[in-house]
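The values are calculated or read from the model by the stated rules, or taken from the named source; none is laboratory data. Remember, predicted model here, so these are calculated numbers, not experimental data. Note: ideal-geometry Cβ built from the backbone for every residue, glycine included; neighbour counts use all protein chains shown. The protein model used for the area step is the full one, side chains on, heavy atoms only, and it has no ligands, DNA or RNA in it. Shrake-Rupley method; radii C 1.70, N 1.55, O 1.52, S 1.80 Å.
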Amino acid sequence: MLDAGSWFEFLKDLFYAWCEYNDPKIRIREINEIIAWRLNKPLNLCSSGKACTHWFSVSPFGDVSACEYYNYSKNFGNIMKNSFSDIFQGKVYKDFEADQLFINPKCKNCKFFALCGNGCSRLRRIGNSFNSRGVYIYCEQRKKLYNEVNDTFNSILSKRRG
């Protein structure tokens, strides 16, 4: 796994390279999400929705799980054996959904919560253990990136106005 400092530096460098290249056809998931947030446009990432309760993965064998990041460890059911109604009304899914909708107290007043949603639930920690009710491991670096992009965006806008 990429350490938090390297993650931030990589995305920051990528953002400035993207700005310099200035080709709107090139899209970078994390950067596009920040810009969409800044422009009050709909957000697309599952973490931006504050929960990954609307993104699913179906294996070649029909197993329905949270997403590929969970490595099929959260198996809600099988589309060849269960109806979608049964899958999404089942205990495994309902327990998963409750975990996903829990908002960590540290995140409640964060100015970036609408954008971040506490990141990928698979990468949240309480102490040294992964726990979906914890805090995203890249939280502080993500805030730095949001501020960096937001400041650059504001600078560009003020130059256009001035």
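Points to keep in mind about this one:
- For the chain: accessible area per residue (Å², 1.4 Å): 62
- For the set Lys12/Lys144; Lys12/Lys143; Lys74/Lys108; Lys41/Lys111; Lys25/Lys143, the pairs lying more than 20 angstrom apart at their alpha carbons are Lys74/Lys108; Lys25/Lys143.
- Computed with a 1.4 Å probe over protein heavy atoms only, the accessible area of Cys19 comes to about 40 Å².
- Acute angle (nearest 10 degrees) that the helix 139-161 long axis makes with the longest principal axis of the chain, alpha-carbon atoms: 40
- Note on the stretch 1-114: with charges restricted to the Cβ of Lys and Arg (+1) and Asp and Glu (-1), its dipole about the Cα centre is near 440 debye.
- Protection-proxy order for peptides 54-64, 136-146, each taking the mean of Cβ atoms within 10 Å per residue, highest first: 136-146, 54-64
- The heavy atoms of Asp23 present about 40 square angstrom of accessible area, all protein chains included, probe 1.4 Å.
- Taking label positions 7 Å along the Cα-Cβ direction at both Lys159 and Ser73, the computed distance is 4.5 nm, reported to one decimal.
- Hydrodynamic radius by Kirkwood, which averages 1/r over all alpha carbon pairs of the stretch 34-107, in angstrom: 13.6
- Heavy-atom SASA rank of Ser73, Ser83 (probe 1.4 Å, accessible area, largest first): Ser73, Ser83
- Ranking Ser155, Ser65, Ser129 by solvent-accessible area of protein heavy atoms (1.4 Å probe, all protein chains present), from largest to smallest, gives Ser129, Ser155, Ser65.
- Charge dipole of the chain about the Cα centre (unit charges at C-beta), most positive-ward option of Pro60, Ser155, Ile35: Ser155
- If you bin all the Cα-Cα distances of the stretch 87-162 at 5 Å, starting from zero, the percentages per bin are 3, 14, 19, 18, 14, 11, 8, 6, 4, 2, 1, 0.
- The relative contact order of the chain comes to 23 percent, based on Cα pairs under 8 Å that sit 6 or more residues apart.
- Student exercise, the stretch 21-86 dipole from Lys, Arg, Asp, Glu Cβ charges, in Debye to nearest 20: 220
- Relative to the Cα centre, the charge distribution of the stretch 43-162, modelled as +1 at Lys and Arg Cβ and -1 at Asp and Glu Cβ, gives a dipole magnitude of about 580 debye.
- Judged by a Cβ-Cβ distance under 4.7 Å, the unpaired cysteines of the chain are Cys19, Cys67, Cys107, Cys110, Cys116, Cys120, Cys139.
- From the largest down, the chain spans 61, 36, 28 angstrom on the principal axes of its Cα atoms.
- Segment Trp18-Ile103, length gained on full extension (0.36 nm per residue, minus Cα span): 27.3 nm
- The chain, accessible surface, carbon-and-sulfur percent (1.4 angstrom probe): 53
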